[in-house]
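Read through the structure below, which is laid out as structure tokens, and then see the notes.
The numbers here are math on the coordinates, done by the rules we state, and not lab data. Computed from a predicted model, the values in this text were never measured in an experiment. We place every Cβ from the backbone using ideal geometry, glycine too, and count neighbours over all the protein chains shown.
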Amino acid sequence: MDYEIKLFNDYYDTFDMSKEVKIYDKYSHTMRVVNYAEDIARSLNLSDSDVTLAKICALFHDIGRFPEWAIYHTYDDSKAFDHGDKSYEILKSFNYDNPIVLKAIKYHNKYSIPDNLSDREALFAKITRDADKIDIMDRQGNYLTDDNYTCNKKILNAFKEHRELKNSDTLSSGSMNVALRCVAFIFDINFKKSFEIINQKNLVNKKLDMLYDKFKKDELLEIKDICDKYMEEMLIC
């Protein structure tokens, strides 16, 4: 993995951190995702080489975020470019040709992974997606900064259907919807170890408790009950 670390750091060092301090946030995120990916991979009893491969996928998954911020000063892909696709393009420009790594980073941020991936490609894509989502759940959506606390039927239906929230499900990109989007990540988590980390960090309840005074209580209790039951099922399977 020494080669990949050097490749990553050499690219990171091309950005002026005295001007682009927000890029360091994504560097830190990347390092945490690498650690989560290692934990998940080891829980699956993968070989040492495959654990390393999972860490490499995590290392490169957000490399496209660096130019996104440097050029557009946003991490909103709708205002810049798809950062998974950009990460793929950057790695290809380095003549890095491991298809498992390339596909893991390309699809890490998509709503779902395509059906045409091999079992092995899908495995590492799922590890990368889980590790990324865990850190997002932990670090984002922890504060309410706006007054938009409307929970519409589309949001409730997404929870009832056990699926992630789509942009079309939410009324805005406000802080409440960011929190709910993070909670709904649980419906696209793939591995028991990932659920154990989420449960250990109490990531679901922290966000729902934050929303308690902003929701109609029956709606929030319904969402909480759905999440509690789903987490319980995933932790015992």
Just how far, in whole angstrom, is the range 86-140 from the range 35-56 if you go by their alpha carbon centroids?
-> 14
For the chain, calculated [θ]222 nm from helices alone, where every DSSP H run of n ≥ 4 adds -39500 (n - 2.57) | -19500 deg cm²/dmol
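Averaging the inverse of every distinct alpha carbon separation and then flipping it gives the Kirkwood radius. What is it for the range 36-177, in angstrom units? Mind showing how you got there, number by number?
Values: mean 1/r = 0.0600 Å⁻¹.
Mean inverse Cα-Cα distance, inverted, gives 16.7 Å.
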Have a look at HIS29, ALA125, TYR230 and report the one farthest towards the positive end of the charge dipole of the chain, computed about the Cα centre with Cβ charges (Lys/Arg +1, Asp/Glu -1).
-> TYR230
Note down the magnitude of the dipole of the range 8-82 about its Cα centre, charges +1 on Lys and Arg C-beta and -1 on Asp and Glu C-beta and zero elsewhere, to the nearest 20 debye.
-> 160
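Compute the length gained on full extension between ASP85 and GLU233: take 0.36 nm times their separation in residues and subtract their Cα-Cα distance, giving the result in nm to one decimal.
The span from ASP85 to GLU233 would gain 49.9 nm if fully extended.
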Can you spot the lysines whose alpha carbon is less than 20 Å from LYS22's alpha carbon? Ignore those fewer than 8 places along the same chain.
-> LYS79, LYS86, LYS133
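Can you list the trypsin sites (Lys or Arg not before Pro) in the range 83-123 that are in a DSSP coil and have 13 or fewer other beta carbons within 10 angstrom?
In loop regions of the range 83-123 (DSSP not H, G, I, E or B), the sparsely surrounded trypsin sites (Lys or Arg not before Pro) are LYS110.
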At ASN142 and TYR24, where each label point lies 7 Å from the Cα along Cα→Cβ, what is the point-to-point distance in nanometres?
-> 1.8
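Starting from the range 59-163, pick out the GluC sites (Glu not before Pro) whose DSSP state is loop and whose Cβ has at most 11 other Cβ atoms within 10 Å.
Loop-located and lightly packed - GLU161.
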What is the distance, in nm, between label points placed 7 Å from the Cα along the Cα-to-Cβ direction at MET31 and at ASN45?
-> 3.3
Entries of LYS26/LYS55; LYS19/LYS55; LYS207/LYS229; LYS126/LYS153; LYS103/LYS166 with Cα pairs more than 24 Å apart = LYS19/LYS55; LYS126/LYS153
Have a look at ILE105, ILE155, GLY141 and report the one farthest towards the positive end of the charge dipole of the range 43-178, computed about the Cα centre with Cβ charges (Lys/Arg +1, Asp/Glu -1).
-> ILE155
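Taking Rh as the Kirkwood radius computed over C-alpha pairs, what is the Stokes-Einstein D of the chain at 37 °C in a medium of viscosity 0.692 mPa s, expressed in µm² per second? Numbers along the way, then the final one.
Details: Rh = 18.6 Å.
Translational diffusion coefficient: 177 µm²/s.
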